[in-house]
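One structure below.
Each reported figure results from applying straightforward, stated rules to the coordinates on display, with no laboratory input. As the structure is a computational prediction, the values presented were derived from the model and not from experiment. Note that we place each Cβ from the backbone using ideal geometry, even for glycine, and neighbour counts take in every protein chain shown.
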Amino acid sequence: MKDIHDTIEQILSLGAARRGQLSEQFLRGRRKDGTEVLRGPYYVLQWYEGGKKRSARIPKDQVPRIREELERGKRVEGLLRGAEEALWKELADPAQKKTKAASARSCGRWKRRASSGRTDSV
């Protein structure tokens, strides 16, 4: 259980974190003389919230901060995955070890009779 508490402390010490993806967008436009020009980059943050995809434009001066928060978000997800595995191991009941009969069934020494539905040893 101490590992889980350590993980929570690590997550909280990371600071602001977020999920999502930051992408650059360029828009095509035309000048008055007809020449084509690319405008941008415009930065767009995309994430899922409540099962829906959300997006927001991010000002250029906030891009470094958002990138750092996204990187911390990836670290948080990794730590959470590790904590989940540790928690499931902690919650596993050691008294539920396989019995001899269960071990015999799992290794194929038991067969089910199709006619009676009983399980007998072979």
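Assorted remarks:
- Flag if GLY50 is without any contact (Cβ under 8 Å) to a residue 24 or more places away in the chain and small (Gly, Ala, Ser): yes
- Residue within segment 27-42 that is outside any helix (DSSP H, G or I), on the phi < 0 side of the Ramachandran plot, touching a helix residue (DSSP H, G or I) at 6+ places or on another chain (Cβ under 7 Å) and surrounded by 13 or more Cβ atoms within 10 Å (Cβ to Cβ) present: no
- Of everything in segment 1-26 that is within 19 Å of the chain's Cα centre (by Cα) and in a strand (DSSP E or B), the residue that is surrounded by the fewest Cβ atoms within 10 Å (Cβ to Cβ) is GLN21.
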